[in-house]
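Worksheet for the structure shown next.
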Amino acid sequence: MKHNVNLSFVMTCLVVFGSLERNSWANDTDFAPPAGYYDSTAGLTGSALQVQLATIMSRGFVGRSYGDFRYASAVIDADPNHVGNILLLYNRASVSGSWDLGVTWNREHQWPVSLLGTSDPGNSTINMETDEFYLRPTNPSLNSSRGNSPYGTATSSGTGGFQTPGYYYVGDPDRGDVARAMFYIVTRYPSFNGHTVTLVNGSPTTYQMGDLNSFLHWNYADVPDTFELRRNQAIYSSTLNPTYYQGNRNAFVDHPEYVWSVFVNQANDTSITTSTNTADLGRVLVGSPFGTRAVTINKIGTNGTYYEVRTSGVATSTVSGHYNAFAMDGPGSKVTTVGLSASTTTAGLKSGTVTVHNLDLTTQGGAGKGANDPDDIVTVTGAVLDHVAPSFTDPTTTRTLGLDFGSLAQNSGKHELTFDLFNQVQTAGYTARLGLTLIEFSGNSNAFSSTVGTFTNLDAGSHRTFSVFLDTTQTGTFSGTYLLTCSDEDLPGAQTLPPLTVTVAGTVDALSFPLPPTLTIQCASNVFTVSWPSNAFRLETRFNLTPSASWQTISNGLATNGPVCTFTFTNSTDIQEQFFRVAFP
């Protein structure tokens, strides 16, 4: 009957936990410690830091019995993807969280009780061995296969628990979790039954646990994941775990960067740099998203370290938060993709920063190392441009233009009219450059010609001047239409605009005066008379017809009274020795 009551309570906890998973544990922020929780550690390192952490991790502690863990595990080890299940240590198997007397899972002492000089506690026992950070649910077979072996080694890898020579490897997903549990135990409980408990390299003896070198490597190789963060919060929170909360936190889950100073030395040799301090994402047109850029975060040095990546403004980074680490035993690198989350619906400069901060606490590694390592700041920028605004005038907008040559005389040469094409400024400094990409003409192409040609990248506020010509060798009334298609410069979001229109027109008239033979030339004595039914002529002369001789104007009919010009020569031989012609404009 008692067993049935307990089972009923387990089922109730599972239902409540399912609700918490959906509503309260939605993201990493929910698992953070309360503001100011670790303020008393400021400026502390080494043993002083460890002592203060022991105080913090003892504050608010509510001891739970060994028997309590049979039901508490359903909450604190819950599988976030399967309501009612828990995740087991060593193989991360998802199994029912209901306690069935150890058939499906049992309670694993991560620090073997034999190495504490004791045996399994009773269900009513409350001590270090029953701490919820100390215990984990495991598959009974894997628990048995581990026996009392210490954990190791630093070079082991795999997805499930297995024996290595002299050690038991916990599996890749749990190696960091186990290491931080060991750091918690020796800090929260510096002694057990009057004996100092310590972590050691190599094989441990009673009141010792190892392998410390492996734990250090695992802390940096396997950062806290969502499961571990959730577990830390569920042990602490009376809201999330009202019946079996323990009221304290594992500081080495909240701040895994404390490990080096507490368990190694004060001379961490790491420096962190970024491959660039600027990330220009270029220019886009309004409404088009920015691209991204890869930035490499590099670690120099052989030690391990944690680092924080934080953003400001509208900058984004795929690597973020403070649960980022570089492994031990050499340099390392990590690529983050930076971008901008800004809206591109308005033109202008968008920017933000990505800051990379080495979280190590130690100061004795030298200049630029550990806590002496200055932050690396990457400034991320991008420009949003307004679309082009082509116009025949500025600042007013004109998209249709008419050019009229009027009436012209035949054979009066090519006549020219000009027009301007502007790229108007929409947003100062942030308007796209204009391109004229297509020119179409319809009409009398034999009469009209132009200098209009395609171009690209006309700056905002600038213009191009073009000419249109009308040829007067043919008579008639002529017209035509130019369609000018403009577009943005070649950038993401570029658009092609409806064409602008230039209409051209002109008339070429025939000559109005009659042609010869109505020309009359009379010569009497020394008088030479030319008559023409118009005063639009001139008389030219030269002395011979050789090619070298040139015609000279001796009189222009326009200067005479009416259509008759009279010329008087000093003697008749002048007339006899010269050649004359009548020329017209």
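Read-outs throughout are calculated quantities, based only on the coordinates presented, and are distinct from any laboratory measurement. Bear in mind the structure is a predicted one, so any value in this text is a computation, not a measurement. Quick reminder, even Gly has a Cβ in these numbers, built from the backbone with ideal geometry, and neighbours come from all protein chains shown.
How much length is gained on full extension from Val62 to Thr243, taking 0.36 nm per residue of separation minus their Cα-Cα distance? Mind showing how you got there, number by number?
Details: separation 181, 0.36 × 181 = 65.16 nm, distance 1.09 nm.
Result for the pair: 64.1 nm of gain on full extension.
Mind checking which aspartates and glutamates have their C-alpha under 17 Å from Lys414, skipping anything on the same chain fewer than 8 residues away?
Asp404, Asp471, Asp509
Mind ranking 432-442, 34-44, 341-351, 378-388 by how tightly packed they are, going by the mean number of other C-beta atoms within 10 angstrom, highest first?
Numbers: 432-442: 18.1, 34-44: 11.7, 341-351: 15.9, 378-388: 22.0.
Result, highest mean Cβ count within 10 Å first: 378-388, 432-442, 341-351, 34-44.
Assigning unit charges at the beta carbon (Lys, Arg +1; Asp, Glu -1) and nothing else, what dipole magnitude in debye, to the nearest 20, does segment 271-385 show about its Cα centre? Could the numbers behind the result be given before it?
Working: 7 positive and 7 negative charges, 66 e Å.
Dipole magnitude for segment 271-385 comes out near 320 debye.
Explain nothing, just compute: Karplus ³J(HN,Hα) = 6.51 cos²θ - 1.76 cosθ + 1.60, θ = phi - 60°, for every residue of segment 405-419 in order, whole Hz, x for Gly and Pro.
Computed from phi, the couplings for segment 405-419 are 7, x, 9, 10, 7, 4, 6, 9, x, 8, 9, 10, 10, 10, 8 Hz.
Would you mind putting 402-410, 494-502 in packing order, based on average other-beta-carbon counts within 10 Å, highest first? Show your work: numbers first, answer last.
Numbers: 402-410: 13.6, 494-502: 15.9.
So the peptides 402-410, 494-502, ranked by packing, come out 494-502, 402-410.
Starting with the highest mean, order 237-249, 112-124, 413-425, 71-83 by the number of other Cβ atoms within 10 Å, averaged over the residues of each peptide.
Working: 237-249: 18.6, 112-124: 14.2, 413-425: 16.8, 71-83: 20.9.
Order by mean packing, descending: 71-83, 237-249, 413-425, 112-124.
List the residues whose amide H sits under 5 Å from the amide H of Thr316, counting only those 5 or more places along or on another chain, with H placed 1.01 Å from N in the peptide plane.
Long-range HN contacts for Thr316: Gly339, Leu340, Ser341.
At Asn372 and Thr318, where each label point lies 7 Å from the Cα along Cα→Cβ, what is the point-to-point distance in nanometres?
If labels sit at Asn372 and Thr318, their model points lie 3.5 nm apart.
³J(HN,Hα) across segment 45-58 via Karplus (A = 6.51, B = -1.76, C = 1.60, θ = phi - 60°), whole Hz, x for Gly/Pro?
9, x, 5, 5, 5, 5, 4, 5, 5, 4, 5, 5, 6, 9
Can you give me the distance in nm between label points at Phe455 and Ser191, each placed 7 Å from the Cα along the Cα-to-Cβ direction?
8.9
Using the beta-carbon distance between Thr396 and Asn201 and R0 = 60 Å, what value does 1/(1 + (r/R0)^6) give for FRET efficiency, to the nearest 0.05? Show your work: numbers first, answer last.
On the way: r = 82 Å, r/R0 = 1.37.
Calculated transfer efficiency: 0.15.
Using the basic label-point model (7 angstrom from Cα toward the beta carbon), what is the Ser462 to Arg92 distance in nanometres?
5.7
Enumerate the aspartates and glutamates that Lys350 could reach by cross-link, defined here as Cα to Cα under 16 Å, with residues fewer than 8 away along the same chain left out.
List returned: Asp280, Asp386.
Can you tell me the FRET efficiency between Ser333 and Val51 if r is taken as the Cβ-Cβ distance and R0 is 30 Å, rounded to the nearest 0.05?
0.25
Which trypsin sites (Lys or Arg not before Pro) in segment 50-102 pass both tests, a DSSP loop state and at most 12 other beta-carbon atoms within 10 Å? Each step should come with its number before you reach the end.
Details: sites: Arg59, Arg64, Arg70, Arg92; in loops: Arg59, Arg64, Arg92.
Those that pass, being in a loop and sparsely packed, are Arg59.
Given a Förster radius of 45 Å and the C-beta distance between Lys414 and Leu491 as r, what FRET efficiency does 1/(1 + (r/R0)^6) yield to the nearest 0.05? Intermediate values should be presented prior to the final figure.
On the way: r = 40 Å, r/R0 = 0.88.
Plugging the Cβ-Cβ distance into 1/(1 + (r/R0)^6) gives 0.70.
Pull up the cross-link candidates among the aspartates and glutamates for Lys369, meaning alpha carbon to alpha carbon under 13 Å and not fewer than 8 places away within one chain.
Within the straight-line limit of under 13 Å, Lys369 reaches these aspartates and glutamates: Asp269, Asp360.
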